[in-house]
Amino acid sequence: MKASAFAYARATSVAHALELLAVHGEKARVLSGGQSLIPAMNLRLVAPDVIVDIGGLAELRGIAVEGKTLVIGALTRHADLLKSSDIAKFVPLLAAAVAHIAHPAIRNRGTVGGSLAQADPASELPACMLTLGASIVVRGPGGERRIAAEEFFRGIYETQLAPQDLLVAVELPVADSGSAHFFQEFARRHGDYAITGLAAQALLEGDRFAALRLGYFAVGDRPVLAEAADKLTDVAVTPALLAEASDALSDELDPHEDQQATPAMRRHLARILLRRCVASLLKRPDLQLGGVA
């Protein structure tokens, strides 16, 4: 299939893009990397009247460290994250996650902003932003505002973006000394959509978690920041406590069923990832061998 007929407008600046969105509203779709939008249009899953192409806006590209904040422009490509020494140094969780996104051809075109605006619940980057406590920078008719990642994702392909809004950047706190990360996902093949995945960030004090954030993806209609992490914070983690946290995780998740997995399978995989994550971050192989799956 091919896309239905549409008009095309190439934005020459952010201000121009906002003008176009103000005129066309819900009839327009923003084109950045196009790795999700173009296939959806070709399958007639979406049929915008107007495409607003922002791909040439250099002002929306780049990675910069500003004090304790790392800023990523919306048009920064996945491949740029992999190559960036600042990403590797200050938010290494992102570097670990991006290597799992699709394949090189997709990573060379796909953008950070496009992935977040798409809000696919099986995508890696939304879960990472949730885990890392990111702020999504948005410009619209009322000016610029920042939306916490925990509030930004509202459902399957649904965000806080209004039709006249443009996602322009992401702001991330620089990782503290003593922080550690974990990323792993289950997929049928490398590069396929995840069946279940976990992006975790921790602050370690000796053999305990001073802080722990567990961002699950592909287990519901949006990324989930697991409350079960609270059971593992500021305590000595034992196999029994990890089993208790695993049970709590199963109770709070609400996985969907599709051609890849049942809800029960996704809960099972989420529990396995929790066990692997805690064992890896604490360097406790005995916890991974415990019977909490």
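Before moving on, here are some points about what is shown:
- Low-density loop cleavage sites - chymotrypsin sites (Phe, Trp or Tyr not before Pro) in region 166-254, where at most 11 other Cβ are within 10 Å (DSSP): none
- Cα gyration tensor shape for the chain, rounded if a/c is under 1.5, else prolate or oblate: prolate
- Rounded tilt (10° steps) of 263-282 against the dominant C-alpha axis of the chain: 70 degrees
- Candidates G55, G114, G25: whichever shows maximal mean-square fluctuation once the chain is modelled as a Gaussian network with Cα springs under 10 Å: G25
- Segment A240-D176, length gained on full extension (0.36 nm per residue, minus Cα span): 20.1 nm
- Structure remark: mean-square fluctuation, Gaussian network model of the chain, C-alpha springs under 10 Å; the largest value among Q164, Q260, Q201 belongs to Q260.
- Of the trypsin sites (Lys or Arg not before Pro) found in region 153-215, the ones in coil according to DSSP and having at most 12 other Cβ atoms within 10 Å of their Cβ are R188, R189.
- Shown for S4, S32: other C-beta atoms within 10 Å of each C-beta, ranked fewest to most, produce the order S4, S32.
- Magnitude of the charge dipole for the chain, about its Cα centre and with charges confined to Cβ atoms of Lys, Arg (+1) and Asp, Glu (-1), is about 900 debye.
- A full extension of the chain between R189 and K89 corresponds to an added length of 33.1 nm, given 0.36 nm per residue minus the alpha carbon distance.
Read the figures in this text as sums done on the coordinates, not as results from a lab. It should be emphasised that the depicted structure is a prediction, and the values quoted were computed from it without experimental measurement. Neighbour counts run over all protein chains shown; Cβ positions are idealised from the backbone, glycine included.
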